[in-house]
Structure formats: structure tokens, C-alpha cells
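The values are calculated or read from the model by the stated rules, or taken from the named source; none is laboratory data. Just so it is clear, the model here is predicted, and its values are computed rather than measured. All Cβ positions, even for glycine, are placed from backbone atoms using ideal geometry, and neighbour counts span all protein chains on display.
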Amino acid sequence: MEKNKFAKETTSPLIVNIKDENTSQSNSSKDPPSPKQPFFIGVAGGTASGKTTVCNMINTQLHDHRVVLISQDSFYHSLSEKMLQKVNEYNFDHPDAFDTKLLLSTMEKLKRGQPVDIPNYDFTTHKRIESARQIHHADIVILEGILVLHDSGVRNILNMKIFVDEDSDVRLARRMQRLAIERGRNIANVLDQYSRFVKPSFEEFVLPTKKYADIIIPSGGDNDVAKDLIVQNIRMKLGQHDLCKIYSNVFVIFSTFQIKGMHTLIRDVKATKHDFAFYSDRLIRLVVEHGLGHLPFSEKQVITPTGSVYSGVIFCSRLCGVSVIRSGESMENALRACCKGIKIGKILIHGHGTNGRQLVYEKLPKDIASRHVLLLDPVLATGNSAVKAISLLLKKGVPESNIIFLNLVAAPQGINAVCERFPMIKLVTSEIDVSLNESSHVIPGLGEFGDRYFATDD
């Protein structure tokens, strides 16, 4: 491989540079993935720039998700015997040194939810060894390497692209520390390899990929402010569903392993009646608490037992609940536990043949028009019942912006039906499912919620 001309290295003076996705070129790979696909993060930068430090920090702080770290180094080509005889002449920082075709295939399989084998590369023999690391599933995949952003195919899969920027002298010092001092490499050989291959390849192949980055981190892995901003940005994107970007009034509570575990238990067809009701109650409480956070509030100062002043807030006290009979009644206890003495109204809507949903019964507080209303229904499927219930509340004089609709599981069709018709309400749910089947049941769903909760199913 030819030696390349040196180019002047530049670093950004900014703490962190996060591109505005609304002003950059349209690229579907920047959108957060569907719930079944991992969120791909690419971390690139020169050798010893601090990429590993950034990756470890992301892995540590995103402990609520299954994070898998993949190094581009695992995809080095094995050297032939002839190449091994002149290994000192081999440029390991050149794009051709990597099996990018295999890397791209591996990422595409992960994106489809398929298990993959990550090669195990031996840097002593410069060959892949038989044992490989198998990955079955991941919420987040972090791909780290000097040339992660070089190939357009790999870039298009990444949901977030990070470039770790560090001064060349600092990187050289770290490389000397790592190879010469810690690994016992000859200092002259380390410097020779750096000047012949590492620095020219950085300037020709690595540094130009900086323009593709969504986030640029100056000062490498020592930039704590930038690392915190990255984690916040990732959390925000992971918490977003595509529908949340379309409808600003749709809110999905942040998913953790606890929440995912409770959903796993209540969705299991083998769940006992006791377990179904117990874990449904826990999830309902979380949804209710989140919904209450959308109420208007005013600032208030109080005196603490120590005689100090505490500046806090007090929420709107004029509110009531309205449950859609009968599954909505399962959410009443959680609401009463959070709001002492709250009034709760009832609405019964039933399907009559081909006439759609019909209002059968309603009993609401007489002064409901002056209250904020928490509408309770654990499953949003087609949205027909919800539209009927909300229409009744509006007819009773409740302002549309005063309605907060709470449920555990929502189908995209139901969200579309409700939010298109009532753009001013707030819709709070714990998970958005995939779709509806031909029977208008939510998929994957959790069955007939009322029957399972009140133990009236077969």
C-alpha cells in the first residue's frame, strides 16, 4: 500500500456538535428503529482518540437496555503466510484491511433480529480463530472502530454516528503508552509504524469521515459534558416511537427492564389470574403517575420542619376520572391511590351489529366541564370506543385540551384515529404495539383485558 501525503489535522473548538436532523439531508437511517430492531450507534475516530472510553460510558449508563459492543477490529482479514512474512509492511489502518462485506452482512442480520457470530481475531497470529462470539438479540448495538464511518453501506444502517476527535500529539502519546510500555513493543517500531501507516491513513481515510458524524466529541474520552449529552440524546431517541414524532400529544413512558418484564408477564397466555392482575396494577400505576404529570401546575413555597423554605409546585386540583366500562374500571384503584377522594364517572359503549359503537350508559360529575379529565381504558385498538367517549366529554363541555387519555397498550390504528380527530388531547401509554389483526385485536396484544383482569375468561 502506498504511503500518503500528510495533511494538516484540525480539531473542533466546540464542546460537542450535534447536527440538527431537520436541517441535514434526509436519511431514513437517522430515524429511530422500530421496536424490534436494535438502535445502531457508530463510534469512529483516530487510533487512541478515546473511542473505547466513550463506548464503555454509553454501555454503563444505558443499563436499562441490552447493549452489545462490537469492535471493527474483529473484522480484520486473516493474513496469508506470504503476507505474514512481511507483516511490518502491512497497513492495518487501510480500509482494505477490514472485511467490510462481512461486517455489513452481520449488521443487516442484527437489524432483522437474526443471531450472528462475531469473529474472534488474534492480533498475535493476525488470523481469525475458530471460537466466535454469538449475539442473539440487542436493544443497542455500538460499533466501534477507526473506519466505522468510511463505508456508505455501514453508515446507512447507523442510527447515530459519533466521531471522537483528539489532538494528534495526545493520540500518539496514548499509542506509545499502550503499545511500547504496556505491551512491551519496541519504541522505534511503534514510531515507524505510526509515521508510515497510522498518520497517513488517518489523514486520508479516517479524518474525512468526520463530515458524516451526527455528533463530534473534541478532547476524546475526557469530555464528560459531551458524553452526558450523548446519553441523553440516545435515551430520548430510544423513548420515541415513530408515532410520537408524528403526534406531539402522544407520550410513551420510558421503557426499562422492569416495565418490559411486567409486560412480558401480563402478555403471557400462561399467566395466572393473580399475576395478570398484580402486574397490570403495577403498570397502570406507572401510567397514571405519568398522566398526572401532564396536569397544569403553579409554583408554591412551603416551610419545611427545619424552618427552611422549599420552592415547589402544586398541581391542578379540579380533576376527575372517567372509566370506559368495564376494562377501564381496572384503572380506578390506581387513580384513587394517587388522587385522594377523586370523582370517577362511567361510560359504557357497546357495538350493535353493523351500526358501530353506541353509547349505552353514562354517569358523569355534573361539573365535569370545569375539570381536567383522566379518561381510563387499558387497551386502545381501533379507537372507535375512545372516539365515542371523547366526543361525549366534549359534548358535556369539557375542553379538548383538558382530556388526558390513559392506557397500557395502544395500536397504531387507534392512535391515528384518536389523534387525527382530537389533536388537543394528551394520550399516555406504556407501549405501542405493532398492529391489529383481522378481528381488530391488538397484535401482539394481551387478549381480552377485562376478562383476564376480573377473572371472567374461560
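Taking the condition of being surrounded by fewer than 23 Cβ atoms within 10 Å (Cβ to Cβ) and either among the basic types (Lys, Arg) or in a helix (DSSP H, G or I) (or both), how many residues in the range 36-71 meet it?
Of the residues in that region, 11 qualify.
Among the residues of the range 177-209 satisfying the criterion of being more than 22 Å from Asn56 (Cα to Cα) and of a type in the set (A, V, I, L, M), which is modelled with the highest pLDDT?
Leu207
Determine, yes or no, whether Val442 is buried (at least 23 other Cβ atoms within 10 Å of the Cβ) and either under 21 Å from Ala277 (Cβ atoms) or not assigned by TED's automatic domain parsing to the domain that holds Lys273 (or both).
Values: buried (at least 23 other Cβ atoms within 10 Å of the Cβ): yes; either under 21 Å from Ala277 (Cβ atoms) or not assigned by TED's automatic domain parsing to the domain that holds Lys273 (or both): yes.
Yes, satisfied.
Taking Tyr212 as meeting all but one of (1) of a type outside the set (Lys, Arg); (2) within 16 Å of Phe39 (Cα to Cα); (3) modelled with pLDDT of 90 or more, write down the number of the exception.
Result: Tyr212 passes all but (2).
Mind listing just one residue for me: the one in the range 319-328 that is of a type outside the set (Lys, Arg) and in contact (Cβ under 8 Å) with a residue 60 or more places away in the chain and, of those, surrounded by the most Cβ atoms within 10 Å (Cβ to Cβ)?
Let us first name the residues in the range 319-328 that are of a type outside the set (Lys, Arg), namely 319-325, 327-328.
Cutting the leftovers down to in contact (Cβ under 8 Å) with a residue 60 or more places away in the chain gives us 322, 324, 327.
Working: Val322: 29, Val324: 24, Ser327: 22.
It comes out as Val322.
Please give the strands (runs of 3 or more DSSP E) falling wholly within the range 100-156 in which 1 or more residues are at pLDDT 90 or above, under 22 Å from Pro208 (Cβ atoms) and assigned by TED's automatic domain parsing to the domain that holds Phe75.
140-144
Of all residues in the range 50-70, how many are without any contact (Cβ under 8 Å) to a residue 60 or more places away in the chain and either in contact with a Gly (Cβ under 9 Å, 6 or more places away or on another chain) or among the basic types (Lys, Arg) (or both)?
So in the range 50-70, the residues without any contact (Cβ under 8 Å) to a residue 60 or more places away in the chain come out as 56, 60, 63.
Then keep just the ones that are either in contact with a Gly (Cβ under 9 Å, 6 or more places away or on another chain) or among the basic types (Lys, Arg) (or both); that gives 56.
Summing the residues that are without any contact (Cβ under 8 Å) to a residue 60 or more places away in the chain and either in contact with a Gly (Cβ under 9 Å, 6 or more places away or on another chain) or among the basic types (Lys, Arg) (or both) in the range 50-70 gives 1.
Which residues, counting only those in the range 445-457, are in contact (Cβ under 8 Å) with a residue 12 or more places away in the chain and either of a type in the set (Ser, Thr, Tyr) or farther than 21 Å from Asp275 by Cα (or both)?
Residue satisfying the conditions is Tyr453 alone.
Considering only residues that are modelled with pLDDT under 90 and either of a type outside the set (Asp, Glu) or touching a His at 6+ places or on another chain (Cβ under 9 Å) (or both), which ones fall in the range 296-310?
So the first thing to find is which residues in the range 296-310 are modelled with pLDDT under 90, and the list is 296-300.
Pro296, Phe297, Ser298, Lys300, listed by residue number.
Can you tell me how many residues within the range 365-379 are of a type outside the set (Lys, Arg) and in contact with a Leu (Cβ under 8 Å, 6 or more places away or on another chain)?
Within the range 365-379, residues that are of a type outside the set (Lys, Arg) and in contact with a Leu (Cβ under 8 Å, 6 or more places away or on another chain) number 9.
Within the range 303-347, how many residues turn out to be aliphatic (A, V, I, L, M) and either outside the structural domain of Leu406 (by TED's automatic domain parsing) or more than 37 Å from the chain's Cα centre (by Cα) (or both)?
Step one: list which residues in the range 303-347 are aliphatic (A, V, I, L, M), which gives 303, 309, 313-314, 319, 322, 324-325, 331, 334-335, 337, 342, 344, 347.
Now narrow it down to the ones that are either outside the structural domain of Leu406 (by TED's automatic domain parsing) or more than 37 Å from the chain's Cα centre (by Cα) (or both): 303, 309.
Adding up the residues that qualify gives 2.
Just checking, which of Asp165, Asp222 is touching a residue at least 60 places away in the same chain (Cβ under 8 Å), surrounded by 22 or more Cβ atoms within 10 Å (Cβ to Cβ) and within 24 Å of Val67 (Cα to Cα)? Lay out the reasoning, then the answer.
Details: Asp222 fails: surrounded by 22 or more Cβ atoms within 10 Å (Cβ to Cβ).
None of the other options fit; the residue is Asp165.
Return only the number of the condition from (1) outside any strand (DSSP E or B); (2) crowded, with 21+ Cβ neighbours inside 10 Å; (3) not β-branched (Val, Ile, Thr) that Phe405 does not satisfy.
Every condition holds for Phe405 apart from (1).
Among (1) at pLDDT 80 or above; (2) over 24 Å from the mean Cα position of the chain (by Cα), which single condition is Asp222 missing?
Asp222 satisfies all of (1) at pLDDT 80 or above; (2) over 24 Å from the mean Cα position of the chain (by Cα) except (1).
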